[in-house]
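Trainee: Sharing a structure here in structure tokens format.
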């Protein structure tokens with residue numbers, strides 16, 4: 001919460017949007033209501049509609065406060081690309097996919113007439129996400145390729161690579177994991193030094209290996225993703241992906257797989273070593289290898305409330 005309030009005080013809308021996206025689950029309802037009220041005021045003053053979109057979304061989803069009509073009225077009044085683009089994305093986030101597509105189609109027509117290639121690429125990319133949600137993967141890949149062509153014309157190398165990663169992931173979702181692996185592997189040498197992009201690649205591999213029930217490989221990819229995402233806002237995404245794998249392993253009573261791999265994470269991420277050793281202890285206890293008291297001793301070394309909640313969650317996974 002302190003980081004969020006500091007970003008508000010500094011009037012740093014971009015930082016505030018990132019913090020809300022990655023930290024919202026850590027806030028109590030009271031803290032969230034306070035943060036959103038202040039963030040909304042700042043977003044409107046700065047005309048930052050990406051931040052405003054997040055405020056409206058979290059208010060609706062987490063606090064049951066409906067501000068959608070206010071956003072719609074604002075979009076009608078201002079009639080700019082930015083505000084309408086983020087309103088379309090809000091519809092997508094809320095699951096109103098046809099409404100979102102309709103708005104994007106209108107924006108595509110407007111931006112094509114103006115020749116705004118960067119905006120056109122953004123629209124194609126976001127439309128592809130909707131078709132992915134509708135499980136229309138071929139259409140999604142077609143739109144991603146259109147976005148890629150424009151980014152290539154504009155010389156936006158990192159955006160091109162990001163789209164290629166997503167095309168690889170969509171190929172996996174279509175059911176061709178071997179082609180997907182080849183596409184993702186082809187991006188790796190071009191992404192040297194681009195840590196967030198490499199983390200995205202490794203998380204895509206993780207999902208492929210998890211689908212194949214190759215959990216050793218999936219855990220290894222989680223480790224690579226965490227190390228690449230270290231000191232970036234993407235670390236929480238990689239960490240959540242790892243927790244999802246652990247959760248599945250606990251559900252499947254694959255306790256040995258957990259405790260044999262936990263030390264790998266403890267050694268690579270010493271700042272979280274107590275947490276990973278506690279995960280290991282829970283798995284050992286569940287597998288009958290240690291007594292409850294020994295597991296409790298490991299858990300007591302973890303002080304972060306959020307990490308303690310995750311340990312409790314994993315401990316109850318098979319129930």
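Values in this text are rule-based calculations from the coordinates and carry no lab data. Note that the coordinates shown come from a computational prediction; the quantities given were computed from them, not determined experimentally. Reconstructed Cβ throughout: ideal geometry from the backbone, glycine too, with neighbour counts over all protein chains shown.
Trainee: Using only Cα atoms, tell me the angle between helix 137-154 and the longest principal axis of the chain; keep it within 0 to 90° and round to the nearest 10.
Mentor: The answer is roughly 70 degrees.
Trainee: Something else now. Which residue fluctuates the most in the chain, going by a Gaussian network model with Cα springs under 10 Å, if the choices are 102, 262, 218?
Mentor: In this elastic network of the chain, the residue with the biggest mean-square fluctuation among 102, 262, 218 is 102.
Trainee: Sticking with this one: Please give the helix 195-211 orientation as an angle from the longest Cα principal axis of the chain, in degrees from 0 to 90, rounded to the nearest 10.
Mentor: 60 degrees
Trainee: Which of 231, 145, 119 moves the most in a Gaussian network model of the chain with Cα springs under 10 Å?
Mentor: Most flexible of the set in this elastic network: 231.
Trainee: So for 11, 277, fewest C-beta neighbours within 10 Å to most, what's the order?
Mentor: Listing 11, 277 from fewest to most nearby Cβ atoms yields 11, 277.
Trainee: Just grab the label-to-label distance for residue 179 and residue 30, each label 7 Å out from Cα along the Cβ direction, in nm (one decimal).
Mentor: 5.5 nm
Trainee: Run the numbers for residue 135 and residue 23: contour at 0.36 nm per residue of separation, minus the present Cα-Cα distance, in nm.
Mentor: 37.4 nm
Trainee: Could I ask something else about it? Under the rule of -39500 (n - 2.57) per DSSP H run of 4 or more residues, summed and divided by the residues of the chain, what mean residue ellipticity at 222 nm is obtained, to the nearest 500 deg cm²/dmol?
Mentor: Counting only the DSSP helices, I get -25500 deg cm²/dmol.
Trainee: Give me 46, 222 ranked fewest to most by other Cβ atoms within 10 Å of their Cβ, as a rough exposure proxy.
Mentor: In increasing order of surrounding Cβ atoms, one gets 46, 222.
Trainee: Could you give the angle, 0 to 90 degrees to the nearest 10, between helix 68-78's Cα long axis and the longest principal axis of the Cα atoms of the chain?
Mentor: 40 degrees
Trainee: Now a separate question. Just to confirm my numbers, what's the Cα centroid distance between the stretch 50-75 and the stretch 248-319 in Å?
Mentor: So the separation of the two Cα centres works out to 38 Å.
Trainee: While we're looking at this one, here's another question. Evaluate E = 1/(1 + (r/R0)^6) for residue 217 and residue 14, where r is the Cβ-Cβ distance and R0 equals 35 Å; express this FRET efficiency to the nearest 0.05.
Mentor: 0.50
Trainee: Let me ask you something else. Taking the beta-carbon count within 10 Å as an exposure proxy, list 257, 174 from fewest neighbours to most.
Mentor: 174, 257
Trainee: Right, another one. Multiply the residue separation of residue 110 and residue 188 by 0.36 nm, subtract the distance between their alpha-carbon atoms, and state the gained length in nm to one decimal.
Mentor: So the extension gain works out to 24.5 nm.
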